[in-house]
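One structure is given below, encoded as structure tokens.
The values are calculated or read from the model by the stated rules, or taken from the named source; none is laboratory data. Please read these numbers as outputs of a predicted model, since none were measured by experiment. Backbone-built Cβ (ideal geometry, glycine too); neighbour counts: all protein chains shown.
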Amino acid sequence: MVNVTVYIIENDPKSDEVLGLVEEINKELPFQPVKIDISSDNSIYEKYKEIAPIVIVGPYQLRAPISKQDLWVAISAASDRQEVHKTDKGFQNKVNRGNQITGTDRFTLWLSNYYIVFLNVLLLVYIGIPFLAPVLEENKMNGAAKIIYAMYSPVCHQLAYRSWFLFGEQPYYPRSLAQITGVKTYEEVSGADPANLLAGREFIGNPQLGFKVAICERDVAIYASMLLFGLIFMVTGRRIKAIPWYIWVGVGMIPMGIDGGSQLFSFAQSYLPAWVPIRESTPFLRTLTGAIFGITTTWYVLPIIEEAMQESRSFILRKIAVINSKNATK
């Protein structure tokens, strides 16, 4: 028997009118009516509030204004389609799956509600552990700190002159090429050549200078801003709309790419002609461009994820409503 699902708003004249039409047709055609009040679930309400009432019959979706003829045609077509495919095992298996709630359905429904909490916790842990490394070094727990540095080594360059330091004289030790006045440079405190990338990665500091965080300044800004936007997205009820892709690329990606990419020549300064521009970014610019990238990335991605989660949630809640309606009529 065909399921006819009606998404309505309680005490809405248009919804009441469509429900009345469904009841009339059901006296003449056999089908299973299913009523879903969209105000009972925030995600469904946000999706359908502007277009309710909506009737879904098999693959067909009707939106207001809906006439009795429209309903009759859709229900008849869905019934005929079901009759044609009644010997099709694949089609029947699909119908049967629609009549039962699986473990996958329950997990998907849970995930659609709490995915943002999971993502925020994941970001908090990911950005928090690198700050634990200098804390462990400060407390003479060098072995545990080295494990954290090693864990994050594949995902970050960990160059000391592009990293934050805790518990020392300064929060950072930039290259002299950055031309930041009033601070000790990496060359001064380490005695190493900045072009020696291995030395820059292995230098973690000491009790006087402090100890570096296990990810660089830019990565700290990226993931911290992602977490910040994730929290804002969560507390605002996940209603923020996605920014256009070109804003993500133009405002988020390109400035960071220019700031980071323009530093590459500095590693081969002694081999390049004098006319090649050589620069080193600053902690401020790395933080600024990293934060903008992190915010625009989550601003673009999270609403898209939310839209997909709403689709999944709406589908499963419809299955639940159909099954409950069938059980109620037995």
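Does residue 245 satisfy being crowded, with 17+ Cβ neighbours inside 10 Å, assigned by TED's automatic domain parsing to the domain that holds residue 285 and in contact with a Phe, Trp or Tyr (Cβ under 9 Å, 6 or more places away or on another chain)?
No.
So if I check each of 148, 215, 127, which one is among the aliphatic types (A, V, I, L, M), part of a loop (DSSP other than H, G, I, E, B) and closer than 30 Å to residue 233 by Cβ?
215
Condition (residue is in contact with a Pro (Cβ under 7 Å, 6 or more places away or on another chain) and either outside the structural domain of residue 112 (by TED's automatic domain parsing) or more than 26 Å from residue 111 (Cα to Cα) (or both)) applied to the stretch 27-34: is it met by at least one residue?
no
Hey, can you tell me all the residues within the stretch 161-183 that are among the hydrophobic types (A, V, I, L, M, F, W, C) and within 19 Å of residue 207 (Cβ to Cβ)?
The answer is 164, 165, 166, 167, 183.
With modelled with pLDDT of 95 or more and surrounded by fewer than 18 Cβ atoms within 10 Å (Cβ to Cβ) as the only criterion, which of 267, 284 stands out?
The conditions single out 284.
Just wondering, is there one or more residues in the stretch 234-246 that are in a loop (DSSP other than H, G, I, E, B), in contact with a Ser or Thr (Cβ under 9 Å, 6 or more places away or on another chain) and closer than 22 Å to residue 47 by Cα?
The answer is yes, given that some residue of the stretch 234-246 is in a loop (DSSP other than H, G, I, E, B), in contact with a Ser or Thr (Cβ under 9 Å, 6 or more places away or on another chain) and closer than 22 Å to residue 47 by Cα.
Determine which single condition residue 250 fails, assuming it passes every other condition in (1) within 25 Å of the chain's Cα centre (by Cα); (2) among the small types (Gly, Ala, Ser); (3) surrounded by fewer than 13 Cβ atoms within 10 Å (Cβ to Cβ); (4) part of a loop (DSSP other than H, G, I, E, B).
(4) is the only condition that residue 250 fails.
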